[in-house]
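Beneath this line is the structure, given in structure tokens, with notes to follow.
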Amino acid sequence: MSNIISSNRPGGGIKWQWPSVHPEGRKFLLIAGIVTLCFWLLGWEILGWLMLGVTIWVASFFRDPVRVTPVGTDLIVAPADGLITQIAEVPPPPEIAGADGLGAAPMLRVSIFMSVFDVHINRTPIAGVLRKLVYIPGKFVNADLDKASEENERQHFVVERPDGVRIGFTQIAGLVARRIMPFVTMGNELTTGQRVGLIRFGSRVDVFLPAGTTPQVLLGQRTLAGETVIARIGIAATIEGIGQ
């Protein structure tokens with residue numbers, strides 16, 4: 001059940017909790033834990049310590065923390081944890097271009113790079129109906145490279161709001177990523193910040209902003225999926241920042 005949280009609500013508080021491990025990662029965590037235990041039982045302490053580190057990393061990689069999503073009809077939130085590495089005007093991907101997708105006009109693309117230390121559960125930037133879900137097999141070049149958006153394994157989403165505004169975003173596999181997993185299907189009604197998929201082991205997510213909208217984030221800024229506001233629909237004001 002979702003909880004409504006308001007900045008105007010007095011009193012109360014919240015305690016930090018260990019993030020849960022997503023069900024998709026529990027089998028990997030179990031395997032790593034069993035191998036670690038076997039090494040210790042065999043007296044292979046060095047390998048045991050190494051595998052203990054791997055086990056902790058697997059638990060961290062598949063962590064699924066609770067996120068507090070801001071509410072607003074014009075908000076576009078980040079679909080991924082990570083680093084803003086590119087902001088560029090590009091044509092929409094051909095798989096989701098056209099009248100039934102994002103159209104043909106160039107759009108601003110915001111790219112978020114996820115390292116192997118980031119949360120890899122991805123979330124929808126807006127609420128609406130999932131109109132397109134297109135999986136494309138491909139290569140596994142560095143997801144931070146621009147050509148990754150055209151050559152790598154990827155999965156495209158198009159979400160349409162009730163007013164007809166559409167947002168596209170793309171999961172892109174990276175060097176060591178070997179599977180992109182959707183949690184939703186076409187036609188699903190999505191809420192802003194809802195979990196929609198997972199990419200294993202390092203990757204990138206691109207967000208395509210609608211016309212008249214500019215990013216409210218900067219290159220080098222870090223985002224949290226489902227929490228960070230990356231743009232406001234129809235707001236074209238630019239922002240500046242200082243690296244420090």
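Determine the sum of side-chain charges near Gly33: Lys and Arg each +1, Asp and Glu each -1, restricted to other residues whose C-beta is under 14 angstrom from that of Gly33. Each step should come with its number before you reach the end.
Numbers: positive: Arg26, Lys27; negative: none.
Value of the local net charge: +2.
Amide H to amide H, which residues 5 or more places from Met107 or on other chains are under 5 Å from it, using H placed in the peptide plane?
Those qualifying (amide H under 5 Å, at least 5 residues apart or on another chain) are Val90.
Once phi is turned into θ = phi - 60°, what whole-Hz ³J(HN,Hα) does the Karplus curve with 6.51, -1.76 and 1.60 give for every residue of the stretch 214-229, x standing for Gly and Pro?
These are the phi-based 3J(HN,Hα) values: 10, x, 10, 10, 10, 4, x, 7, 9, 10, 10, 4, x, 10, 6, 7 Hz.
Using per-residue counts of other Cβ atoms within 10 Å, averaged over each peptide, order 216-227, 60-71 from highest down.
On the way: 216-227: 18.1, 60-71: 16.3.
Final packing ranking: 216-227, 60-71.
Give the long-range amide H neighbours of Asn122: residues separated by 5 or more places, or on another chain, with amide H under 5 Å away, using H modelled in the peptide plane at 1.01 Å from N.
Residues meeting the amide H criterion: Val196, Gly197, Leu198, Ile199.
Got a sec to turn the phi values of the stretch 233-244 into Karplus ³J(HN,Hα) couplings, 6.51 cos²θ - 1.76 cosθ + 1.60 with θ = phi - 60°, whole Hz, x for Gly and Pro?
Each residue of the stretch 233-244 in turn: 4, x, 9, 10, 5, 8, 10, 10, x, 10, x, 7 Hz.
On full extension of the chain, what length is gained from Leu30 through Thr185, given 0.36 nm per residue of separation minus the C-alpha to C-alpha distance? Display every interim value, and only then the final one.
Working: separation 155, 0.36 × 155 = 55.80 nm, distance 2.83 nm.
Answer, rounded to one decimal: 53.0 nm.
Give me the percent of accessible area attributable to carbon and sulfur for the chain, probe 1.4 angstrom. List each step's numbers first, then the result.
Working: 8060 of 13010 Å².
After summing per-atom areas, the C and S share lands at 62 percent.
Ranked from the most accessible area to the least, with a 1.4 Å probe and all protein chains present, what is the order of His156, His22?
The residues order as His22, His156, largest area first.
So what's the net charge close to Asn122: Lys and Arg +1, Asp and Glu -1, counting the other residues with Cβ under 14 Å from its Cβ?
Details: positive: Arg63, Arg67, Arg123, Arg154, Arg179, Arg195, Arg200, Arg204; negative: Glu24, Asp64, Asp81, Asp118, Asp206, Glu227.
Taking every other residue near Asn122 into account, the sum is +2.
Residue-wise, which Karplus ³J(HN,Hα) couplings in Hz belong to the stretch 38-49, taking 6.51 cos²θ - 1.76 cosθ + 1.60, θ = phi - 60°, and x for glycine or proline?
Ordered by residue, 3J(HN,Hα) equals 4, 4, 5, 5, 7, x, 8, 5, 4, 5, x, 5 Hz.
Under unit Cβ charges (Lys, Arg +1; Asp, Glu -1), what dipole magnitude, rounded to 20 debye, does the chain have relative to its Cα centre? Mind showing how you got there, number by number?
On the way: 22 positive and 20 negative charges, 111 e Å.
I would put it at about 540 debye.
Strictly greater than 31 Å: what percent of every Cα pair in the chain meets that?
Working: 7928 of 29646 pairs.
Cα-Cα pairs in the chain separated by more than 31 Å: 27 percent.
Between the alpha-carbon centers of the stretch 92-115 and the stretch 219-243, tell me the distance in whole angstrom.
Measuring centre to centre over Cα atoms gives 18 Å.
For the chain, report the accessible area per residue in Å² (1.4 Å probe, heavy atoms, rounded to an integer). Before the final figure, lay out each step's value.
Working: 13010 Å² over 244 residues.
For the chain, the solvent-accessible area averages 53 Å² per residue.
Taking a ≥ b ≥ c as the square roots of the Cα gyration tensor eigenvalues, with a/c under 1.5 meaning rounded and otherwise prolate when a/b beats b/c, else oblate, which class fits the stretch 183-244? Present the calculation step by step, with values, prior to reporting the outcome.
Numbers: a/c = 2.54, a/b = 1.40, b/c = 1.81.
It comes out oblate by the Cα gyration axes.
Which order do Glu160, Glu89 take when ranked by solvent-accessible area (1.4 Å probe, heavy atoms of all protein chains), largest first? Intermediate results must be reported in sequence, preceding the final value.
Values: Glu160 35, Glu89 140 Å².
So the residues, ranked largest to smallest area, are Glu89, Glu160.
Ranked by accessible surface with a 1.4 Å probe, highest first, in what order do Lys27, Lys15, Lys132 come?
Most to least solvent-accessible, the answer reads Lys15, Lys27, Lys132.
The values are calculated or read from the model by the stated rules, or taken from the named source; none is laboratory data. Everything numeric in this text was worked out from a predicted model, so none of it was measured. With ideal geometry, Cβ positions are generated from the backbone for all residues, glycine too; neighbour counts draw on all protein chains shown. In case anyone asks, the SASA skips ligands and DNA or RNA and just uses the protein heavy atoms, side chains included. Shrake-Rupley method; radii C 1.70, N 1.55, O 1.52, S 1.80 Å.
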